[in-house]
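Report on the structure given below.
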Amino acid sequence: MRAIITGVGHFSPEKKLTNHELEKMVDTSDEWITIRTGIKERAVLDKEKGTSYMAVEAARMIFKHSRVLPEDIELIILATITPDMTVPSAAAIVQKELGANRSWGFDLNGGCTGFIYAIATASQFIETGRYKNALVIGADKMSSIINYEDRNTCVIFGDAAGAVLLERSEDNDLGIVDFDLHMDGIGVEYLNVLGGGSLHPATAETVRKRMHYVYQDGKTVFKYAVKGMTNVSEALLKRNGLTGNDLHHLIPHQANYRIIDAVAKKLGLTSEQVVINIEKYGNTTAATIPLAMSEAHQMHRFQKNDWMLLTAFGAGFTWGSVLLKWAI
């Protein structure tokens, strides 16, 4: 049995924050941001709405075009680092709003690798025969944890959600073929949000010290990201008797255009093989890969039986790749 992707959806808020608008907020420029990141604009969700709102909208896009109904869903895994609240899970809110009353689920915090972790996890529940389907969502409201006075982070991140529907298939030529997941706690000091957890619960002092915002050592993360995404992708391809020439599509985490370009070159890929939309959305953390996948599918870039590699790197450090054959 294989887990195959039978539906995709995404959501991006209407409100856009352009590089030119950021020029008025911090010491930066459109040229500086574009050259260093490849980003031209990013979306920002309304303050009164949470991550679950975007996750629900992305899922609803799937159900508009699927024979599967919300009440048919058996499992929901929501990859996010910005749940609506500490308790309950954002997945519970999504379940309620969708009316997916037969399902159970949970939030998964894998940083920017969250969706990779989530789709690999969900596939195992299906391949064992325990469940017929699973809704896997990557969603983050990064604007809720970004300091818009810090040019090192505020130019990078945006808000969005992407979702996929996994279903059981007995066609072993399609679906999720393999995955390779990693984590190294050395990354804790280089990419984090210190405040809000049990170690530093929210207080007037943690707010004053701006401990509830993302901190990132960009140079260190860049170095580890290129190495991690390249190595895990090469290993996964080799394990399955493939090379970069066999791939139809690489969908990398959209963190920085220079990272994407470096990984693609090390894998020997052409620009036509790589799905990139970072210029419009920025780094939407767990949402980047399903967002890019859904948008590319809408543009009819994929054909059934296409080889596809998903790869990401994030806080933890976490990194991993998923190899699949497109089934739609």
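The values are calculated or read from the model by the stated rules, or taken from the named source; none is laboratory data. None of these values were measured; they are calculated from a predicted model. Note: ideal-geometry Cβ built from the backbone for every residue, glycine included; neighbour counts use all protein chains shown. The protein model used for the area step is the full one, side chains on, heavy atoms only, and it has no ligands, DNA or RNA in it. Shrake-Rupley method; radii C 1.70, N 1.55, O 1.52, S 1.80 Å.
Key figures
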read-out: Residue within the stretch 47-61 that is outside the structural domain of Ala315 (by the TED database), part of a loop (DSSP other than H, G, I, E, B) and in contact with a strand residue (DSSP E or B) (Cβ under 6 Å, 6 or more places away or on another chain) present; value: no
read-out: Residues that are assigned to a loop (DSSP other than H, G, I, E, B), open to solvent by 10 Å² or more (accessible area, probe 1.4 Å) and touching a residue at least 60 places away in the same chain (Cβ under 8 Å), drawn from the stretch 29-44; value: Gly38, Lys40, Val44
read-out: Only listed residue being open to solvent by 50 Å² or more (accessible area, probe 1.4 Å), modelled with pLDDT of 95 or more, farther than 20 Å from Ile278 by Cα and assigned to a loop (DSSP other than H, G, I, E, B), chosen from Val87, Val68; value: Val87
read-out: Any hit, the stretch 187-198, residues being assigned to a strand (DSSP E or B) and closer than 29 Å to Met61 by Cα; value: no
read-out: Residue, nearest to Asp72 (Cα to Cα), within the stretch 97-106, restricted to residues that are open to solvent by 50 Å² or more (accessible area, probe 1.4 Å) and in contact with a strand residue (DSSP E or B) (Cβ under 8 Å, 6 or more places away or on another chain); value: Trp104
read-out: Residue satisfying condition, being over 30 Å from Leu75 (Cα atoms) and either touching a residue at least 60 places away in the same chain (Cβ under 8 Å) or among the hydroxyl-bearing types (Ser, Thr, Tyr) (or both), within set Tyr224, Tyr131; value: Tyr224
read-out: Residue that is farthest from Ala225 (Cα to Cα), among those in the stretch 244-280 that are open to solvent by less than 20 Å² (accessible area, probe 1.4 Å) and assigned to a helix (DSSP H, G or I); value: Gly244
read-out: Count of residues meeting criterion [closer than 20 Å to Phe302 by Cα and within 19 Å of the chain's Cα centre (by Cα)] in the stretch 241-261; value: 7
read-out: Residue in the stretch 14-28 that is assigned to a helix (DSSP H, G or I), under 21 Å from the mean Cα position of the chain (by Cα), under 22 Å from Phe157 (Cβ atoms) and not basic (Lys, Arg) present; value: no
read-out: Only one of Thr128, Thr113, Thr121 that is assigned by the TED database to the domain that holds Glu71, under 25 Å from Leu242 (Cβ atoms) and open to solvent by 20 Å² or more (accessible area, probe 1.4 Å); value: Thr121
read-out: The listed residue being within 13 Å of the chain's Cα centre (by Cα), within 27 Å of Thr82 (Cα to Cα), open to solvent by 20 Å² or more (accessible area, probe 1.4 Å) and touching a residue at least 24 places away in the same chain (Cβ under 8 Å), out of Ala286, Ala292, Ala315; value: Ala315
read-out: Qualifying positions in the stretch 131-164 - of a type in the set (Phe, Trp, Tyr) and not in a loop (DSSP other than H, G, I, E, B); value: Phe157
read-out: Residue identified as on the phi < 0 side of the Ramachandran plot, within 16 Å of the chain's Cα centre (by Cα) and basic (Lys, Arg) among Lys227, Lys325, Lys238, Lys280; value: Lys280
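Per-residue answers, yes or no, for (1) under 23 Å from Gly316 (Cβ atoms); (2) among the acidic types (Asp, Glu):
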position: Glu48; (1), (2): no, yes
position: Ile62; (1), (2): no, no
position: Met85; (1), (2): yes, no
position: Glu97; (1), (2): no, yes
position: Ile119; (1), (2): yes, no
position: Val136; (1), (2): yes, no
position: Ile146; (1), (2): yes, no
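One line per residue, one yes/no per condition, for (1) open to solvent by less than 10 Å² (accessible area, probe 1.4 Å); (2) outside the structural domain of Ile259 (by the TED database); (3) in contact (Cβ under 8 Å) with a residue 24 or more places away in the chain; (4) in contact with a Gly (Cβ under 7 Å, 6 or more places away or on another chain):
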{"position": "Ser143", "(1), (2), (3), (4)": "no, yes, yes, no"}
{"position": "Ile156", "(1), (2), (3), (4)": "no, yes, yes, yes"}
{"position": "Gly162", "(1), (2), (3), (4)": "yes, yes, yes, yes"}
{"position": "Gly187", "(1), (2), (3), (4)": "yes, no, yes, yes"}
{"position": "Leu199", "(1), (2), (3), (4)": "no, no, no, no"}
